[in-house]
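The values are calculated or read from the model by the stated rules, or taken from the named source; none is laboratory data. What you see is a predicted model; the values in this text were computed from it and never measured. Cβ coordinates were reconstructed from backbone atoms using ideal geometry, including for glycine residues, and neighbour counts include every protein chain displayed. We work out accessible area using only protein heavy atoms, side chains counted, and drop any ligands, DNA or RNA first. Shrake-Rupley method; radii C 1.70, N 1.55, O 1.52, S 1.80 Å.
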Amino acid sequence: MNYDVVVAGGRVAGSIFAYHAAKKGLRVIVAEKNPEIGVPVQCAGGVSDSFFRSMDIKPLPEFTYTRIRAAAINSPSGARIITENPIIRGYTIERKVFDRYLALRAAEAGADITVNTRVEGLLLDEGSVTGVNLRGPDGSRDVRCRMVIAADGISSRVARMAGLDTRFRPEDICSCAQYEMVGVDVEDDMMEFYFGSQVAPSGYLWVFPRGDGKANIGLGMRRRSCSERGPLHYLKRFTEGMGYQRTEFVAGAVPVGGPVEKTYTDGILVVGDAAGQVDPLTGGGIHIAAECAKIAADVSADAIESDRTDSEFLSEYQRRWYDKIGRNLKRSLKYRRVLDDLGDDELDQLIGSLEGKDLSSISKISLLKALREYPSIIKILKEML
Ligand SMILES: Cc1cc2nc3c(=O)[nH]c(=O)nc-3n(C[C@H](O)[C@H](O)[C@H](O)COP(=O)(O)OP(=O)(O)OC[C@H]3O[C@@H](n4cnc5c(N)ncnc54)[C@H](O)[C@@H]3O)c2cc1C
């Protein structure tokens, strides 16, 4: 069968693209190389209310664990700020179930889904995509299509096959390690974040509750040299002696250097982690991947309807997603770089000076006033605010 679009990758970006494209009447097939959608998990599962609102998805009990209302930020020496800012509100979710839910939703909208099937190559005619080569359990087959969506995760091979540069510099990749643990003493509605060179150098450690004493405890860090210890070392150190039981281990990498320069070319759009569409400060990518996938579906439908799958027409995708989230990603990258330069003492000063204050209502001026004894922190905040 011929398709309008072949999607490489069947997680958040791929399935949300497929859902919206199929709804618009496109013939779509999603090829996922793993035998099961959403497995292995590579996520802590924190998702904001705004994701569910903007994607018109109900936070169903089958994939949500706990309702999140607050976040605690812990400094190296133990100072602690708690924020109940509405942007924190959301859920912890089970990605295994959630990713499968998204794929089924796409299938119900009319997309074909095939697992255990890898996009192995692109079929090109004078530089334009005319199809893909798929490799699955029954061998290899060519599928004709008019467009390909590279939703194949960090450092997308599929986009690189089309000549796009989707590589990230090693210092812009956050390596993560996470345990699912039981018997954890954590409040069900609060995410905990820990900073400092002893806990997570050039990154942070998280504790995301899953209810009934279960939690995802993980950390992400950018390694600046090969001799530096990796995230697993710090994760073991943090959790050792706490008496919690480990029930799952997750490892993964997140691109945190901002998006790749070009996310389209003739017949191809790049979406999600593949395009570096991740918040560089938090490493959160679910909401951003989803927004960009929706935009990609709109542009693909227009391109196919007007028989214009050339690079010039598809540049509209980059313009639209950049308009929507480009500025936020740039600002987050700037914040991340500022935080990179903070030593433990400055983190202590910054977090300590805000302890006990209501962060959701604090104004920029009162924040700067409260910090007047710390000129170095004021300098940092002025860059951030
Ligand atoms: C440890 C960790 C914790 C995280 N926690 C959070 C969090 O709490 N909240 C949040 O918002 N974000 C979080 N993220 C980031 C988030 O998981 C990603 O941004 C998001 O999953 C990106 O989705 P995606 O669909 O773009 O890519 P991916 O999830 O990487 O999916 C790509 C898919 O493509 C498939 N694939 C690859 N190559 C091919 C091919 N050639 N053919 C077919 N299929 C292929 C892969 O098997 C995979 O299923 C976390 C990431 C990590 C590593």
Open item on the list: Between helix 95-108 and the chain, what is the angle of the helix's C-alpha long axis to the longest principal axis, kept within 0 to 90° and rounded to the nearest 10?
Closed with: 30
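Rolling a 1.4 angstrom probe over the protein heavy atoms, how many square angstrom per residue are accessible across the chain? Can you show the working numbers first?
On the way: 17720 Å² over 385 residues.
It amounts to 46 Å² per residue over the chain.
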Task: Estimated inter-spin distance, V182 and D49, nm [label 7 Å along Cα→Cβ] - done: 3.2
Open item on the list: Ordering D99, D298 by accessible area with a probe of 1.4 Å, largest first, what comes out?
Closed with: D298, D99
Open item on the list: Of the candidates G38, G272, G213, which one comes out as most mobile in a Gaussian network treatment of the chain with C-alpha springs shorter than 10 Å?
Closed with: G213
Task: Relative contact order (%) - criterion: Cα under 8 Å, at least six apart; region: the chain - done: 20
Task: GNM flexibility winner over the chain from S75, S306, S175 (Cα, springs under 10 Å) - done: S306
Task: Charge dipole (debye, nearest 20) of the chain; +1 at Cβ of Lys and Arg, -1 at Cβ of Asp and Glu - done: 400
Task: Qualifying aspartates and glutamates (Cα of each under 17 Å from Cα of K33; at least 8 residues distant if same chain) - done: D99, D112, E120, D138, D142, D152, D273
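Over 28 Å between C-alpha atoms is what I'm after, so list which of K214/K330; K23/K214; K58/K214 land there.
K214/K330; K23/K214
Using a 1.4 Å probe on the protein heavy atoms, what percent of the accessible area of the stretch 1-134 belongs to carbon and sulfur?
Of the solvent-accessible surface of the stretch 1-134, carbon and sulfur hold 47 percent.
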Open item on the list: From the C-alpha coordinates alone, can you work out the Kirkwood hydrodynamic radius of the chain, in Å?
Closed with: 21.8
Task: Inter-site label distance for R144 and N2 at 7 Å from Cα along Cβ, in nm - done: 0.4
- [ ] Report, in degrees rounded to the nearest 10, the 0 to 90 angle that the Cα long axis of helix 12-23 makes with the longest principal axis of the chain.
- [x] 50
Open item on the list: Taking R0 as 45 Å, what FRET efficiency do you get between E355 and N116 from their Cβ-Cβ distance, rounded to the nearest 0.05?
Closed with: 0.30
